[in-house]
Structure formats: structure tokens, C-alpha cells
Amino acid sequence: MPRNTLKVTTALAGSLLLAAPLLSACGGSSAAADEKAVTVYSADGLKGENGDGWYDRVFKDFEKQTGIKVKYVEGGSGEMVQRAVREKSNPQADVLVTLPPFIQQADGKGLLQKYAPKGSEQVGAADKAADGTWTSVVNNYFGFVYNKKELKQAPKTWQELLDGKYRNKLQYSTPGVAGDGTAVLIKAMHDFGGKQPALDYLKKLQANNVGPSASTGKLAPKVDKGELLVANGDVQMNYAQSKTMPGLGIWFPAGQDGKPTTFALPYAAGLVTKAPHSENGRKLLDFMLGRQAQQEVSEIGGGFSARGDVKATDANATALAGLMNGVQVFEPDWSDIDKNLTGYVEDWKSATGS
């Protein structure tokens, strides 16, 4: 699913149908008058290509139970925050879902109001805001994909990607625009021991890089077809995609000690400040964090439950646990990243000529 391609859909009669009129229908008093609606601005990855994603199931069940229609707007994490900023004086969204550090950015810009959904007490402290403005609804981890047909085994280190065989066969989405693209920079800074060593490496990697991409989701199909050998992504999205893209393999570049690393990159949700349908937004957040929806995160969405008390045992959950076995999970300094993200991205642009 594209990481920065705007999509607008509405949950109707148990399915998500294209609804271009949303842009006008959700403006001003017409949105406020529609009490049986809730509008979600979200990063992509949780809605299925064929109506078979976690969002598809959750929104369908939510509408059936409450009679509240879900209006869904999709784009890159950065794009969704920017759109909410533009609409701050006249909010159109009720619920905002993005990857870090964009959820922290949204919080810092005053876009989120305090609301702790039912069940959020079961979410780990690192996966929710201390002030109660957002909480993870689906846990996830940053990763890369490779073509299993063209490569006999996954690369192991960052250094391998500098090899000439990856020239014009490697691509990663744009830091500052895509959540997963920003994650490339964050992981490189961790693995290389600082900003400058990471930028020095990414400057070298540019020789093999196809070029910028605003969409992470578009990269996996290219890897599956062999147009690319390696690209960035995230575990939830890529695992879900691998069901219909058999050429995809997931891997994690190793740090300087030779051990693969990653970090949590959850889908985090918050209630928008002065949301036109705040009560419906609260109901949807409660529903997404409810036991039934959380039990379906791995089975349907290929992700990890945000609640510590929900232990999935389905085949996907078992496979995902195996995938993460032996991978070191570090915790980024999100407050530093939130504060310095613009500078980090500008430095990346200077280093890579992007």
C-alpha cells in the first residue's frame, strides 16, 4: 500500500468503497451534521489491497456494532500530519494514526487531545504518550525486504549493500516524508554510532540507490518482481504483502557488532483536537484497542497486538515470533528525534544530494 499516495474511502455496507466526495462532504457544517460518522486520517499498511486487511475487518465490525460509518483518508505519516496542521482551525479528522516520530510531531503541534482508550492500560509505557494523547493500536517493527528468487540469502550487513550488484537495484523511501523512510535514517544513526557516520554511509549508498520514493508500499511489489533486489519497509506491511508476493523476504541489517537490529515502529492513534465527531472517535479508538480487534492483529493484519495481555497463537503470530527471534530491539530517543527531525532530514538531503 503506498506510503504517501492519498486515498479516501468510506466503510459502507461492510466494505471500504472509494469515496472521492469525502473532501467536500467532510467540510464545515456538513461533517458536523453527520453524527453517525467518524473520519480517520492514517498512514497506510493496515488496509488490505483486496479488502482483507485489519482496518477492513475492524471498520466493518465497528460499523455493524455501532451504525457509525468510517470515512478513511490514507497517505504517508508526514502527509497526514501536514494535512491535519493545515486544517487545525477547522478540523476534519476525528482520529489520526501515524508511525513515530510523526505521532510525537502531531502531539507537539497540539493536534491531539487527551484520551486514554479502554484497554490502553495494557499498552506498554514506551508505546503510548505519558500525557495520554496517543496510544499504539498495532505494534510493528522496522525492516527491509529482499528478493528471495534473485538472492540466495538475505544480505546481513549494511556494508553488503554497497556492492556493485545492488547498483540501481536498491531503493528506500524518503526520510521526512515516509515513516519507514525516516526509520532508515534512525536505524543507520543507531547502528553506525551517530549522525555523521550514518550520513557518511548513506552518501556512499547513494551510488546504488535508484532515487527518492515518497511511497514505501510501492517498493515491495518492485522487489517481488525483481525490479529491485532490496528496499526498506516494515514487518507488518511486508509480512501481509508476502501472502500475495512470494518473492519477498524480510531481513534486518546488522549493527557494527554483527547482530541484526530493529526498533518498534507502531501504528499510534490519537483523538484529534476539536474533532468534529469526538465521541465517535473515542468509540472507534476503544474498539480498535478492544480484545477482539487486538486478537485479530496478527491473524488478519500480520502485525503485533499493542496490548500485553493479548497473546495471539495463530499461525501468523508464530511465524512473526520466529522472524523476530535473535533480532536486537533498541528504543530510539524519540524526544530527541522529534526535536531535531527537520535538521536530521536536511543533513541527509545535503549528504545524499537528494
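The values are calculated or read from the model by the stated rules, or taken from the named source; none is laboratory data. Source: prediction; values computed, not measured. For neighbour counting, all protein chains shown are included, and Cβ atoms are generated from backbone atoms with ideal geometry for every residue, glycine included.
Things worth noting here:
- Of the numbered criteria (1) surrounded by fewer than 18 Cβ atoms within 10 Å (Cβ to Cβ); (2) closer than 18 Å to V184 by Cβ, the one V235 fails is (1).
- As a summary of the residue check, L22 satisfies the conditions (1) at pLDDT below 95; (2) under 14 Å from the mean Cα position of the chain (by Cα) except for the one numbered (2).
- The residues listed here are G247, G226; of these, the one that is on the phi > 0 side of the Ramachandran plot and in contact (Cβ under 8 Å) with a residue 60 or more places away in the chain is G226.
Each row is one residue, and each column tells you yes or no for (1) charged (D, E, K, R); (2) surrounded by 14 or more Cβ atoms within 10 Å (Cβ to Cβ); (3) closer than 18 Å to F330 by Cα; (4) not assigned by TED's automatic domain parsing to the domain that holds M245.
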site	(1), (2), (3), (4)
A125	no, no, yes, yes
K128	yes, yes, yes, yes
S136	no, yes, yes, yes
A154	no, yes, no, no
L162	no, yes, no, no
Q171	no, yes, no, no
A178	no, yes, no, no
V184	no, yes, yes, no
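- Complete set of residues in the stretch 194-222 that are among the aliphatic types (A, V, I, L, M), within 12 Å of P175 (Cβ to Cβ) and assigned to a loop (DSSP other than H, G, I, E, B): A214
- Scan of the stretch 58-71 for residues that are surrounded by fewer than 21 Cβ atoms within 10 Å (Cβ to Cβ) and either aromatic (F, W, Y) or within 22 Å of M237 (Cβ to Cβ) (or both), ordered by number: K60, D61
- Of the residues making up the stretch 231-250, those that are of a type in the set (A, V, I, L, M, F, W, C) and either closer than 20 Å to L99 by Cα or not assigned by TED's automatic domain parsing to the domain that holds K149 (or both) are A231, V235, M237, A240, I250.
- Those residues of the stretch 234-268 which are in a strand (DSSP E or B) and closer than 23 Å to E296 by Cβ, in sequence order: D234, L248, I250, A264, Y267, A268
- S298 free of Cβ contacts under 8 Å to residues at least 60 places away in the same chain and in contact with a strand residue (DSSP E or B) (Cβ under 8 Å, 6 or more places away or on another chain): yes
- Within the stretch 238-261, considering residues that are surrounded by fewer than 22 Cβ atoms within 10 Å (Cβ to Cβ) and of a type in the set (S, T, N, Q), the one modelled with the highest pLDDT: T261
- Some residue of the stretch 273-283 being aliphatic (A, V, I, L, M), assigned by TED's automatic domain parsing to the domain that holds W54 and touching a Gly at 6+ places or on another chain (Cβ under 6 Å): yes
- Any chance A317 is of a type in the set (G, A, S), crowded, with 18+ Cβ neighbours inside 10 Å and part of a helix (DSSP H, G or I): yes
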